[in-house]
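Below is one structure, written out as structure tokens; comments come after it.
The values are calculated or read from the model by the stated rules, or taken from the named source; none is laboratory data. The structure presented is a predicted model; accordingly, all values stated were derived computationally and were not measured. Cβ: placed from backbone, ideal geometry, glycine included. Neighbour counts: every protein chain shown.
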Amino acid sequence: MHRYSPSDQPPVPLLAASPSPTHLFPPTTTTTLPPPFHLASSSSFYLSGPSVCSDRLFVVSNRQRKSHSSSFFVPFSQAMPTCRRKRVVLTEPSESLLQAGKADPARQVFYLEQTGEIFETFEAYAARMSFYRLKQFQCEVTGKSGLDYFQAIESERQEARTLHSRFSESLKPAVLRAVQWQVMGRLDHLVEAVYERFKDRYFKNEKILVDLTGTKYYARVEKVYPPKYCYDLKARDAHKDPSGSSSLSLDDDPPHVIGGDLRIPSQDAISRDDPELYYYWVHVLELEKDKSHEKGKSSAKGSEKDGKMIGSLLEVQCGMMSRDRLSFSKSILRRFIRDCVDREAAVASPWTVKPTIAKRYGVDSIMPEETRKGVENIKKGEIDKRKKVWEEKEGPPTKKQKKMTAAQEERAKTLAVAVEKREREAHEKAEKQRAAKEEAEQLAAEKKKKKPIRYPTEDLDIRMADKDKKAGMKLKRPVGNRANVPFNETPGASESFLMSWNFLIVYGQPLHLSVFSLDELEHALRHSLPETPCSLLAEVHSTLIYNLRTIAFQRHNALLSLLQTKETTIEQGLEDEKIFGVTIDQLTGAMADVGNNWERVPLRHNEGRDGWEDALVGCLKDHATVSNFPRLREILTRLLFAPEVAPDAPSSSSSRTSTPTLTPLSIISHPSERYYHLPPADRIAILAFMCNLAISSKAIHAHMELCEEQLTSLRKEKIEVNRLKKQHLEEMNALAGETKGETAASGNGINEDVEMRDSSDLSDISEGGSETPSGRRASRQKKTHALAHSKEREAARAKQASVRQALAEHRRLDEEVNKSERRLESIEREFRKLLGAVRVKPFGRDRFYNRIWWFDGMGSASLVGSGGVTQYGTGRLFIQGPSEFDLELLQKRNDEDFEERRKEEEGEDGMLGPNDWAVYSELEELDELVAWLNPKGHRELAVKTALTKWWPHITAGMRKRIADLNTNAKLPDARRSARTKSAAGYDVTREPYMMWVNRRAVNTS
């Protein structure tokens, strides 16, 4: 037979014509099998897979393997591509094909030359080739995925070539001798042992790095001197000539024989064959490549100076030597050993070098008798150990015994009693030891538990203690009201509604929309009286239409999408299902004349945005498809068709529920008439779709960038204001200390002033009534004292003035501090507004990962109006259930009572799912929520801090909303009578949502 290389001929293309049947060899040959060739096993056809290290795939017979054994070479790597983390097993010839090799050697087959596989039919051949061409294979060496089988094979070949070219040839025989016959359970342990033994041991002709005074050079090892030459300098110099002409040959004494033997313990190997006592003559080749990528004259001069060492022959030791990490590291060593060794599946089997590799590198393939006995002893010990464990688990096997005599039975009974007594005593002793051990472990655990826990910590690890309950902490979280969440009766509608309202409020400035509350938008979307149009709906849709005109769109996008849906339905053999009695053809026909010039229609504010419904349909026609707007067909049908008979009881604008009509729609109508008959869920879907499109417009992006710039300015201003506030506080503290001391001193001065004034008056009287010498001396003394006291009085008055000035300065600084605090509060409000335009984030999450939301005061909305009046957008606090990812984290916890804890601390009604929302509208509920939050946990501490920070504005907004609801409340009869336009005593135009005016509107077209 022949050795065949798939690189000699191109592979058979999968899409080519059916290849003609061939013999059991490549398609170009038609050689029949020779008579002596037997197809007893699949190994006679091919190896276990294509070579990863070599470019050749060998297909040989048993007889040829014997005759060509000298030239036959099995590659190092046996790695194979993997498919879905499993190795690809090549197809073996069927039993019938093996029999045909004996009976009909000339039988024609299909041969896959890249893998050596043989198939009887073209279908099997094509299926296998199709499998190999799939992009689902992974290179086992590099981990690259998304490859076909042949690309993965080539990747493994290239990696194997790179590995074996980098790994030192001089080191390979030593490593292979070290791992031969080693008994180690894990390959990683074997790699660790080899690496530790050879990291400081070098061999002749090995390319290394030498560190000379901080500069590294590439060098080649010329001579290796074992430790016996350590103290014999003359002997080493005698072999300096690299030509090896010396009379003493070192090659007869191979180095590192003892140190590389893994059977010798590491300490003994170092003591008997210390790597630090080896000397090496190395030939300097070149300077190590500069990896710093630095440029400069200094590096150039250093290279010129260091270049003088190139070509030198130096004597070095292992401390100055190292290997390049690309040629020797644990990962590369692991790949090399894995490619070259093998191991049987039996217990305690040794690692063996593959025979062909052992032969190539001169590694002994015959296990020495001493090594064999050692391996057998290890294997026997492991087997006995496992057998003992098994017997202790299952009990010893029963054996049939011969019948014993009476004396033997008595002796056996006595022996059994003694054995049982010893076993009982041993068991009691073991029980006592176990009890003592458990007691010691319990004491250690209690001692460990007494260590203080550092708070805050994981919220779910905290349990409420009795002192927490006494402190007023609530055990159960208040149950959020799901019924008060707008449009919560329709799944997904409430979340889309909140998103749409938040978008319109946050970007009110670029959209030219005035602020409106969540309640106002809710009532507007429920408004269903065509006779009294809602200005809020007209303004919101018109400003979005203006914005969507600036976004690229495709003409008749919705029409093409609907027609494609129809074609897909027909191809599936189904009929076009009618929606509300309208087919796709009828719908596309009605769409033809509506909203064609929507991007040029002037929707003027002073004209009530007349025609916005037609423009809305035109916008949907060019922007929406069935894929990005799933309810497109239903909504367009409701906007363009009307029922034959009008509903008997039209819904009111204030109706809380609106059920879609099931009456077939057959009459083509106008969107301005039909929009107010849309159910709220469809209106929300339209609004959410338009908001999602508008967020990509240039106006919104420009506003975001402007907000980012303003946020940066606010951060800088906040730092400056805090700095001034700190400076003013320090000056106030200094003035307070100075004023305190001067006040005490000035108080003493005032008393003395009074006394001095009295003594001065007496001295004047005395002076006028006596002119004796003694009287004149007394008079002069009194005048001197009076002059001194007058100076003290002047100093006291100066101190009083200084105190008054200091107090005035203290008051001024206090006012400056108050101004700084007010400015910081204003900056925080502005920061929230601007940050809400960039990203909307919740306050945080509670212990069960429920998210707490507060939407007020973001974007164009404000928390405080002119004159300090409270303003609100929602006036409520929303709570959203945990996300699916958070639920997975919760389920991974090992708490057995987790569900019971949720029921206890949240309540069955309060447990929210991933898409569930609830709301807190009352101040009492908010107080209970804050009392339930535990600040010892990370998440709830953040939530409580945020609630505390914005508490005045949250509570003020709640009070204002409750007051507005009470003011606008109507009697039940009047509310019900609003369903008819002739209701007495009720005017829908007086509702707050109908009185809203867009003060930011732009009248240009």
>> Testing Cys619 on (1) in a helix (DSSP H, G or I); (2) farther than 22 Å from Leu537 by Cβ; (3) within 44 Å of the chain's Cα centre (by Cα), one condition comes back false. Which one is that?
In response: (2)
> Does Leu834 satisfy being in contact with a Pro (Cβ under 9 Å, 6 or more places away or on another chain) and either surrounded by 15 or more Cβ atoms within 10 Å (Cβ to Cβ) or part of a helix (DSSP H, G or I) (or both)?
Replying inline: no
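Being closer than 18 Å to Tyr225 by Cα and among the acidic types (Asp, Glu) is the filter here; which residues of segment 252-273 pass it?
Hits for segment 252-273 are Asp252, Asp253, Asp273.
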> Would you pick out the residues in segment 194-217 that are under 15 Å from His256 (Cβ atoms) and touching a helix residue (DSSP H, G or I) at 6+ places or on another chain (Cβ under 8 Å)?
Replying inline: Val194, Tyr195, Glu196, Arg197, Phe198, Asp200, Arg201, Tyr202, Phe203, Glu206
> Taking segment 812-855 on its own, how many of its residues are out of contact with any helix residue (DSSP H, G or I) (no Cβ under 8 Å at 6 or more places or on another chain) and modelled with pLDDT under 90?
Replying inline: 1
> Quick one: in segment 90-116, which of the residues that are at pLDDT 85 or above and of a type in the set (A, V, I, L, M, F, W, C) is nearest to Ile153 (Cα to Cα)?
Replying inline: Leu90
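Check Glu767, Glu809 and return the single one that is assigned to a helix (DSSP H, G or I), at pLDDT below 85 and not assigned by TED's automatic domain parsing to the domain that holds Val919.
When all the criteria are applied, what remains is Glu767.
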> Looking at Ala124, Ala174, Ala178, Ala160, which is the one that is buried (at least 16 other Cβ atoms within 10 Å of the Cβ) and either within 17 Å of Val89 (Cα to Cα) or of a type in the set (S, T, N, Q) (or both)?
Replying inline: Ala124
>> Pairs needed: first member in segment 502-522, within 13 Å of Leu834 (Cα to Cα); second member anywhere, of a type in the set (Lys, Arg); C-beta distance under 8 Å; at least 6 residues apart or different chains.
In response: Gly508/Arg1000; Gln509/Arg1000
> Taking into account only those residues within segment 345-371 that are modelled with pLDDT under 80 and surrounded by 11 or more Cβ atoms within 10 Å (Cβ to Cβ), which is nearest to Val183 (Cα to Cα)?
Replying inline: Ala348
>> It is to be established whether one or more residues within segment 696-707 are under 30 Å from the mean Cα position of the chain (by Cα) and among the charged types (D, E, K, R).
In response: yes
>> Could you check segment 890-905 and list, in sequence order, the residues that are of a type outside the set (Lys, Arg), at pLDDT 85 or above and closer than 19 Å to Ile852 by Cα?
In response: Glu905
> When residues of segment 155-179 are filtered for being farther than 27 Å from Lys199 by Cα and at pLDDT 90 or above, how many remain?
Replying inline: 0
> Which condition number in (1) in contact with a Gly (Cβ under 6 Å, 6 or more places away or on another chain); (2) assigned by TED's automatic domain parsing to the domain that holds Ser94 is the one that Phe150 fails?
Replying inline: (1)
>> Tally up the residues in segment 937-951 that are in contact with a Pro (Cβ under 8 Å, 6 or more places away or on another chain) and surrounded by 19 or more Cβ atoms within 10 Å (Cβ to Cβ), please.
In response: 2
> For segment 488-517, how many residues are hydrophobic (A, V, I, L, M, F, W, C) and more than 19 Å from Arg999 (Cβ to Cβ)?
Replying inline: 5
> Tell me, which residue of segment 628-644 that is under 14 Å from Ile684 (Cβ atoms) and of a type outside the set (D, E, K, R) is surrounded by the most Cβ atoms within 10 Å (Cβ to Cβ)?
Replying inline: Phe629
> Residues Ala219, Ala193: which one is in contact (Cβ under 8 Å) with a residue 12 or more places away in the chain, among the small types (Gly, Ala, Ser) and part of a strand (DSSP E or B)?
Replying inline: Ala219
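Would you call Ala127 out of contact with any helix residue (DSSP H, G or I) (no Cβ under 8 Å at 6 or more places or on another chain), touching a residue at least 12 places away in the same chain (Cβ under 8 Å) and farther than 21 Å from Ile332 by Cβ? Show your work before the answer.
Numbers: out of contact with any helix residue (DSSP H, G or I) (no Cβ under 8 Å at 6 or more places or on another chain): yes; touching a residue at least 12 places away in the same chain (Cβ under 8 Å): no; farther than 21 Å from Ile332 by Cβ: yes.
Spelling it out, it is not the case that Ala127 is out of contact with any helix residue (DSSP H, G or I) (no Cβ under 8 Å at 6 or more places or on another chain), touching a residue at least 12 places away in the same chain (Cβ under 8 Å) and farther than 21 Å from Ile332 by Cβ.
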> Of (1) surrounded by fewer than 12 Cβ atoms within 10 Å (Cβ to Cβ); (2) at pLDDT below 55, Thr980 satisfies all except one. Which?
Replying inline: (1)
>> Residues that are of a type in the set (S, T, N, Q), at least 1 per element: which helices (runs of 4 or more DSSP H) completely within segment 876-953 meet that?
In response: 884-892, 938-949
> From Arg360, Arg335, which residue is in the same structural domain as Phe198 (by TED's automatic domain parsing), within 20 Å of Ala160 (Cβ to Cβ) and touching a helix residue (DSSP H, G or I) at 6+ places or on another chain (Cβ under 8 Å)?
Replying inline: Arg335
> Under 9 Å by Cβ, and 6 or more places apart or on different chains, what pairs join a residue from segment 313-332 that is not assigned by TED's automatic domain parsing to the domain that holds Gly143 with one that is among the hydroxyl-bearing types (Ser, Thr, Tyr) and in a helix (DSSP H, G or I)?
Replying inline: Phe328/Tyr195; Ser329/Tyr195; Lys330/Tyr195
